[in-house]
Amino acid sequence: MTFWNSFKDLVGRMGGDGAEVGDFRADELQLAAAALLVHAAVIDGNTADDELKKLTGLLQERFALSESDADRLIDEGKSRERDAVDLYRFTSVLCRELDQDGRKRIVEMLWEIVMADGELHEFEDNLVWRVAELLGVSARDRITLKKAVAARVASEAEA
C-alpha cells in the first residue's frame, strides 16, 4: 500500500462515524503488534519458517483473523517495520490501547516468536527487553514470561 493510499484511507476513516474511528484504533493496534512481531522474526538476520508460521498463528489467535487477513497484516507489518526508525512508534500505540495484561501478552508473543526456531539470539533477547521496558512491563514479568514460553517450547519439542 502506498503512502497516498494509506493517507486517503486514514482521511476516509476519520470522516466517518465513531465505529470507524474505533476500527481505525483496532487496525493501528494490530499493525503496531504485527510490526514488532515481524521485527522480532527478522532481527537475527534469519527468518525461519517456524517463526513465520508462529507469527501467522499468533496474529490469527490474538486478533481473530483468517489466515489471509493475518498474511495481509504481516505484509503491512513488514512495510511498517522496514520504514520505522525506532520502536517507540509501535510501543506508544500499544501503551495507549492496552492495559498491563495486554502489554504482557505482547511481550509473551515476542518471546514466542523469538523462540519459535529453537534458538534465542542475543539481538532477539535484547529486543524483547527493550520493548518490555517501553511497554512498562517489569523485568520480573519479562523473565517470568520468558521462562513460561521456554517451558512450553521445550514441552512442544518433546511431543
Residue match in segment 116-133 (condition: among the small types (Gly, Ala, Ser), at pLDDT 95 or above and either under 16 Å from the mean Cα position of the chain (by Cα) or in a helix (DSSP H, G or I) (or both))
yes
For residues that are surrounded by fewer than 14 Cβ atoms within 10 Å (Cβ to Cβ) and either modelled with pLDDT under 90 or of a type in the set (Phe, Trp, Tyr) (or both), tally how many sit in segment 43-74.
4
How many residues does segment 90-116 hold that are touching a residue at least 40 places away in the same chain (Cβ under 8 Å) and of a type in the set (D, E, K, R)?
5
Identify all residues within segment 134-146 that are part of a helix (DSSP H, G or I), out of contact with any Cys (no Cβ under 7 Å at 6 or more places or on another chain) and of a type outside the set (Ser, Thr, Tyr); write none if there are none.
Leu134, Ala139, Arg140, Asp141, Arg142, Ile143, Leu145, Lys146
Go through the residues of segment 150-158 one by one and say whether even a single one is in contact with a Gly (Cβ under 9 Å, 6 or more places away or on another chain), in a loop (DSSP other than H, G, I, E, B), modelled with pLDDT under 95 and surrounded by 14 or more Cβ atoms within 10 Å (Cβ to Cβ).
no
Being surrounded by fewer than 20 Cβ atoms within 10 Å (Cβ to Cβ) and not aliphatic (A, V, I, L, M) is the filter here, so list the residues in segment 93-107 that pass it.
Cys95, Arg96, Glu97, Asp99, Gln100, Asp101, Gly102, Arg105
Examine segment 5-18 for a residue that is under 30 Å from Asp117 (Cα atoms), at pLDDT below 90, surrounded by 13 or more Cβ atoms within 10 Å (Cβ to Cβ) and touching a helix residue (DSSP H, G or I) at 6+ places or on another chain (Cβ under 9 Å), and state whether such a residue exists.
no
Would you say Leu55 is under 12 Å from the mean Cα position of the chain (by Cα) and over 17 Å from Glu28 (Cβ atoms)?
yes
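The values are calculated or read from the model by the stated rules, or taken from the named source; none is laboratory data. Please read these numbers as outputs of a predicted model, since none were measured by experiment. Counting neighbours? That spans all protein chains shown, and the Cβs are built from the backbone with ideal geometry, glycine included.
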